Amino acid sequence: MNPNIPNILLIYTGGTIGMIKDFESGALKAFNFKKLLKHIPELKLLHCHIETISFEEPIDSSDMNPLLWAQLGNIIHDHYHDFDGFVVLHGSDTMSYTASALSFMFENLQKPVICTGSQLPIGDLRTDAKENVITAIQLAALQYQEKPVIKEVGLYFEYKLLRGNRTSKMNAAHFEAFRSYNYPPLAVSGVKLVVNHKDLLKPDLNKKLFYKDQFCTEVIIIRLFPGISKEITTEMMLHSKVRGVIIETFGAGNALTAEWFVTVLKELKEREIPVINCTQCKMGEVNMKAYETGKHLLQYGVISGKDITIESAIVKLMFLLSQNLSYKQFKTKYEKSLRGEML
């Protein structure tokens, strides 16, 4: 550790960034994390001290789950007072879910946690990994008067730092893999690093960090579509083990008014099972008062997801359900922005 420069912990969970091609199958597989660092000698030029830690068994991000979120969160929590910032190397497919989870796990976070990865492996000639890792570390090391500039969970990819719980992966083929449709970038990397200070979260520096790593997974997402099956949908939504439901609605939060669907919503309300309304649209927000097809949802206790992403919506649902809140407390908390994830 060096007390005179920022100390950054680089955490490797797996993902394309640290993979190589298997010569026999042609498929990508994880390789030793220390070899990954040898591909980025430029890290030695950064004005910070970097230490590294890796999952014992690096994973493809498709296998990410709440237990692994807790494992990652525990690494950050255990080292929180030893480092000035954290960079998480993660597969891009589920990075938005993990970034959202980390944001909810750490209440009153006062240091940067930057998630990044790449679309091409580190050893590929045209890889985007080097720029993503180098700039993510620079952002994590940014300080003003010896205090971190960024005090939240971010996701850095292709020249933009985005609020982690505001992101969605929107492209599997281009380097610009992520978008934040309803919130501006926190920083942009060009000739200079430009930080949009007014858009950063500003935690209360007098409050202590509060950490929770529990998530309830007894939840489902129902995406509405014309011709949706009454039998299948009813069985899924009213399954005895379901503790929370997200419905992906049309436009500004509109849903079918069929009697069977209304009956399902009534029963869920009677059971005090929270139902969250999230729009299928990438931009804009839920407004259940705008149309008759949205208004009827209000009387059955459906909770507005406002402009939250579906990734953040499901993680927030799992996080709050784990806290044994009353139905009323849950509704109040869900409709409130906890970590800048919604309006």
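The values are calculated or read from the model by the stated rules, or taken from the named source; none is laboratory data. Since this is a predicted model, take the numbers as computed values, not measurements. Please note: Cβ atoms are built from the backbone with ideal geometry, for glycine as well, and neighbour counts cover all protein chains shown.
Does region 168-209 hold any residues that are assigned to a strand (DSSP E or B) and either basic (Lys, Arg) or not assigned by TED's automatic domain parsing to the domain that holds residue 101 (or both), and which are they? Before the answer, list the steps.
We begin by selecting, within region 168-209, every residue assigned to a strand (DSSP E or B); these are 168-169, 178-179, 187-189, 193-195.
If the condition is that a residue be assigned to a strand (DSSP E or B) and either basic (Lys, Arg) or not assigned by TED's automatic domain parsing to the domain that holds residue 101 (or both), then 169, 179 are the ones that fit.
Yes/no per residue for (1) within 21 Å of the chain's Cα centre (by Cα); (2) at pLDDT below 95:
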residue	(1), (2)
299	no, yes
305	yes, no
308	yes, no
319	yes, no
325	no, no
332	no, no
336	yes, no
340	yes, no
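Can you name the condition, by its number, that residue 18 falls short on among (1) within 21 Å of the chain's Cα centre (by Cα); (2) modelled with pLDDT of 80 or more; (3) not hydroxyl-bearing (Ser, Thr, Tyr)?
With (1) within 21 Å of the chain's Cα centre (by Cα); (2) modelled with pLDDT of 80 or more; (3) not hydroxyl-bearing (Ser, Thr, Tyr) applied to residue 18, the lone miss is (2).
Looking only at region 330-340, which residues are closer than 10 Å to residue 305 by Cα and surrounded by 19 or more Cβ atoms within 10 Å (Cβ to Cβ)?
Hit for region 330-340 is 334, nothing else.
With the requirement that a residue be under 20 Å from residue 291 (Cα atoms) and surrounded by 18 or more Cβ atoms within 10 Å (Cβ to Cβ), what does region 223-255 give you? Before you say what the answer is, go through the steps one by one.
The initial filter retains those residues of region 223-255 that are under 20 Å from residue 291 (Cα atoms), namely 223-226, 246-255.
Passing the criteria: 246, 247, 248, 249, 252, 253, 254, 255.
Which count do you get for residues in region 288-329 that are touching a Leu at 6+ places or on another chain (Cβ under 9 Å), crowded, with 19+ Cβ neighbours inside 10 Å and over 30 Å from residue 150 (Cβ atoms)?
3
Taking residue 124, is it free of Cβ contacts under 8 Å to residues at least 12 places away in the same chain and of a type in the set (Asp, Glu)? Reasoning before the result, please.
Working: free of Cβ contacts under 8 Å to residues at least 12 places away in the same chain: yes; of a type in the set (Asp, Glu): yes.
It is true that residue 124 is free of Cβ contacts under 8 Å to residues at least 12 places away in the same chain and of a type in the set (Asp, Glu).
Can you confirm whether region 236-245 contains a residue that is hydrophobic (A, V, I, L, M, F, W, C) and closer than 17 Å to residue 334 by Cα?
Here is the first cut: in region 236-245, the residues hydrophobic (A, V, I, L, M, F, W, C) are 236-238, 242, 245.
This time we only want the ones that are closer than 17 Å to residue 334 by Cα, so: 245.
Scanning region 236-245, I find at least one residue that is hydrophobic (A, V, I, L, M, F, W, C) and closer than 17 Å to residue 334 by Cα, so the answer is yes.
Conditions tested, residue by residue: (1) over 30 Å from residue 171 (Cα atoms); (2) under 26 Å from the mean Cα position of the chain (by Cα).
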{"residue": "235", "(1), (2)": "yes, no"}
{"residue": "249", "(1), (2)": "no, yes"}
{"residue": "265", "(1), (2)": "yes, no"}
{"residue": "273", "(1), (2)": "yes, yes"}
{"residue": "283", "(1), (2)": "no, yes"}
{"residue": "287", "(1), (2)": "no, yes"}
{"residue": "296", "(1), (2)": "yes, no"}
{"residue": "312", "(1), (2)": "no, yes"}
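Would you check which residues across region 138-157 are surrounded by fewer than 21 Cβ atoms within 10 Å (Cβ to Cβ), part of a loop (DSSP other than H, G, I, E, B) and at pLDDT 95 or above and list them?
Scanning region 138-157 gives 142, 149, 151.
For region 224-343, which fully contained helices (runs of 4 or more DSSP H) count at least 2 residues that are free of Cβ contacts under 8 Å to residues at least 60 places away in the same chain?
On the way: elements: 230-237, 259-271, 292-298, 310-321, 327-334.
Of the helices (runs of 4 or more DSSP H) lying wholly inside region 224-343, those with at least 2 residues that are free of Cβ contacts under 8 Å to residues at least 60 places away in the same chain span 230-237, 259-271, 292-298, 327-334.
So the check is Cβ under 6 Å with 6+ separation or different chains; which pairs have a first residue in region 157-182 that's among the β-branched types (Val, Ile, Thr) and a second one that's surrounded by fewer than 23 Cβ atoms within 10 Å (Cβ to Cβ) and at pLDDT 95 or above?
Filtered contacts from region 157-182: 167/180.
Run residue 238 past the list (1) in contact with a strand residue (DSSP E or B) (Cβ under 8 Å, 6 or more places away or on another chain); (2) within 29 Å of residue 323 (Cβ to Cβ) and report the number of the one that doesn't hold.
(1)
Taking residue 125, is it at pLDDT below 95, over 18 Å from the mean Cα position of the chain (by Cα), more than 14 Å from residue 18 (Cβ to Cβ) and assigned to a loop (DSSP other than H, G, I, E, B)? It would help to see each step written out before you state the result.
Working: at pLDDT below 95: yes; over 18 Å from the mean Cα position of the chain (by Cα): yes; more than 14 Å from residue 18 (Cβ to Cβ): yes; assigned to a loop (DSSP other than H, G, I, E, B): yes.
Taking the combined requirement at face value, the residue satisfies it.
Could you list all residues from region 257-272 that are buried (at least 18 other Cβ atoms within 10 Å of the Cβ) and either touching a Ser or Thr at 6+ places or on another chain (Cβ under 9 Å) or within 15 Å of residue 216 (Cα to Cα) (or both)? Write out each step before concluding.
If we filter region 257-272 for residues that are buried (at least 18 other Cβ atoms within 10 Å of the Cβ), which is where we start, we get 261, 264-265, 268.
If the condition is that a residue be buried (at least 18 other Cβ atoms within 10 Å of the Cβ) and either touching a Ser or Thr at 6+ places or on another chain (Cβ under 9 Å) or within 15 Å of residue 216 (Cα to Cα) (or both), then 261, 264 are the ones that fit.
Take residue 191 and decide whether it is under 20 Å from residue 308 (Cβ atoms) and without any contact (Cβ under 8 Å) to a residue 40 or more places away in the chain. Full working, then the answer.
Details: under 20 Å from residue 308 (Cβ atoms): no; without any contact (Cβ under 8 Å) to a residue 40 or more places away in the chain: yes.
In short, no.
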